[in-house]
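One structure is given here, and the rest of the page talks about it.
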Amino acid sequence: MFKMIPAIIFAAMLSQNFILVQFLGICPFLGVSKNTKSAFGMGMAVTAVMFIATLITYPLYTYLLKPLGFDYMEIIVFIFVIASLVQVIEIILKKTSKSLYEAMGIYLPLITTNCAVLGVTELVLTSELVVTMLDACAYGLFGGLGFTLAIVLMSGMREKLDTVKVPKAFEGFPITMLLACFMAMAFSMF
Amino acid sequence: MYNLLDAQLTPVAHVLIVVGIMLVIALVFGFLIMVVSKKFAVDVDEREETVLGCLAGANCGGCGKAGCAALAHSLVEGKGEIDDCPVTDKKNKLKIAEILGVDYAGGGEFIYVVNCGGGINAKDRNDYLGESGCVRQSMVSGGRKFCSTACLGDGSCVSVCDNDAVSVIDGVAYIDTDKCIKCGKCARTCPKTLITKIPASAVVYVKCSTKCRGKEVMDACAKGCIGCGICAKNCAQKAITMVDNLPRVDYSKCVGCGYCVEKCPRKVFHFVDRTRDENRDKKG
């Protein structure tokens, strides 16, 4: 039952990293990686949503849409589920943990349109690693952690970048793209 | 399970089923959100919205908060000051004070000044040959000057200013009050935190930030405050007190007579008005 889990952990976090190998969720990767603290907050929020989204969409697809023959509706249904989930999580967080809400608050609505979240719900349907419900949830969780890993690494480098002199033509965004390129190359070597 | 696609549905029935599935999911989640929002309802102070409506809405971050909504929140909670916002005009600030039921007389507008007059008068301890910018320079054992609170004049504040309001004159940053929009970026950037707020009505300010004693100051800088306290003794309004070897001006008492500017043996006191300041230099 658990034999696929190590393979899933390795694939979701490293060899099939959502940002650096599959190029999903590039927008927050470049937008929210200016400092490590907010990058970590964003990563954790994405991880939470990814996990809960897979938890709901996987059974929804396997036990409702697929048997009925409506599997082509997956995207619209999944987007629907993710958007509602983010809304629900935001409301609950606001009430239960004010500090966590303030730390994540601004990033939560952004996650609705984060393609990495939709990506994970779609990928678990086709990936050969995922057989059971448990696998799917593990893929969601560790995919999110892989996202966090990439965005935190990136933010650490961007913080360092602030203190070094960059050639005029590369200042600001271009050098960030180069950084992302080298990171992606490193991750593709798995 | 029964496969609906195999059942030779008419197109209309097919569409109806699709709509039906979406409708069911929509209802389930709609109900879920409704229940959750009822159960986890947070009491939001209604005044927050109205206060937010009165603020300038530029989201410039000049108050040091994440945006206007964050300032409105802290205002309602009583943690923030109305004058934290440099952009909102006086009419709206009075309106906010009325909503919150606090006393606000206005006149709390402020300007930014640089509390250092050193520059070419402050001696260098060593050369600095690294990349330009005070932020970088101050990382190397606090910059090249003897004085640890000296303006390095390397232009970090100049480069963050969007309005060309900051310039470096004789090795010291100078803020042009007419061009300054009071966003506070320079004050947050300065590694020595030499840029501070003073009331817009202020006439004089102290152009030094050193807390060192007289002798050390004499060795390091020709324009540094030696903490003699002559200004405090001579102020007729008792507006100046000595704190940590530095004069501190209580602007609510200061009448702007300029006697401190005249009396200071080290010419640490300056007029905010630049033409007046230059005229004094000529005389002295």
Q | Dipole magnitude (debye, nearest 20) for the range A:24-184, charges at Cβ of Lys, Arg, Asp, Glu | A | 600 debye
Q: Give the calculated FRET efficiency between residue B:253 and residue B:278 to the nearest 0.05, with a Förster radius of 35 Å applied to their Cβ-Cβ distance.
A: 0.85
Q. Across peptide B:39-45, how many C-beta atoms of other chains are within 10 Å of each residue C-beta, on average?
A. 3
Q) Can you tell me the Rg and the Dmax, both Å, for the Cα atoms in the protein assembly as shown? A) 30.4, 102
Q) Hey, how much of the P(r) for the range B:1-101 falls beyond 16 Å, as a percent of Cα pairs? A) 68 percent
Q: Note the full-extension length gain between residue B:103 and residue B:44 as 0.36 nm times their separation in residues minus their Cα-Cα distance, in nm to one decimal.
A: 18.9 nm
Q: Consider just the alpha-carbon atoms of the range A:24-184 and return their Rg together with their Dmax, both in angstrom.
A: 17.5, 60
Q.
Between 0 and 90 degrees, rounded to the nearest ten: what's the tilt of helix B:90-100 against the longest Cα principal axis of chain B?
A. 60 degrees
Q. Taking a 27 Å limit on the Cα-Cα distance, which of the listed pairs A:66/A:95; B:123/B:267; B:145/B:211; B:90/B:185; B:192/B:267 fall beyond it?
A. A:66/A:95
Q | Acute angle (nearest 10 degrees) that the helix B:274-283 long axis makes with the longest principal axis of chain B, alpha-carbon atoms | A | 10 degrees
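Summing +1 for each Lys or Arg and -1 for each Asp or Glu, what net charge is found among the other residues whose Cβ lies under 11 Å from the Cβ of residue B:230?
Charge balance near residue B:230 sits at +2.
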(Q) Apply the a/c threshold of 1.5 to the C-alpha gyration tensor of the range B:110-283 and tell me whether it is rounded, prolate or oblate. (A) oblate
**Q.** Spacing of the two label points (7 Å from each Cα toward its C-beta) at residue B:124 and residue A:126, in nm
**A.** 6.3 nm
**Q.** Accessible area per residue in Å² at 1.4 Å probe, computed on the protein assembly as shown
**A.** 53 Å²
(Q) Applying a 10 Å radius around every beta-carbon, put B:259-270, B:48-59 in order of their mean neighbour count, most first. (A) B:259-270, B:48-59
Q: Would you mind putting B:192-201, B:123-132 in packing order, based on average other-beta-carbon counts within 10 Å, highest first?
A: B:192-201, B:123-132
Q | Among B:74-85, B:111-122, the order from most to least packed when residues are scored by Cβ within 10 Å on average | A | B:111-122, B:74-85
Q: For chain B, with all protein chains present and a 1.4 Å probe, just round the carbon and sulfur fraction of the accessible area to a whole percent.
A: 55 percent
Q) Considering every residue in B:225-237, what mean count of other chain Cβ atoms within 10 Å of its Cβ is obtained? A) 0
Q.
Give me the inter-chain shielding for A:91-97: mean count of other chain Cβ atoms within 10 Å, whole number please.
A. 4
**Q.** Helix B:11-39 vs. chain B, principal-axis angle (Cα, 0 to 90°, nearest 10)
**A.** 50 degrees
Q: Take each uninterrupted DSSP H stretch in chain A, measure its Cα extent along the helix axis, and return the ones at 20 Å or beyond whose mean Kyte-Doolittle hydropathy is at least 0.0.
A: A:36-60, A:74-96, A:133-161, A:173-188
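The values are calculated or read from the model by the stated rules, or taken from the named source; none is laboratory data. Small disclaimer: the values here were computed from a predicted structure and weren't measured. Please note: Cβ atoms are built from the backbone with ideal geometry, for glycine as well, and neighbour counts cover all protein chains shown. Accessible surface areas use protein heavy atoms only, side chains included; no ligands, DNA or RNA. Shrake-Rupley method; radii C 1.70, N 1.55, O 1.52, S 1.80 Å.
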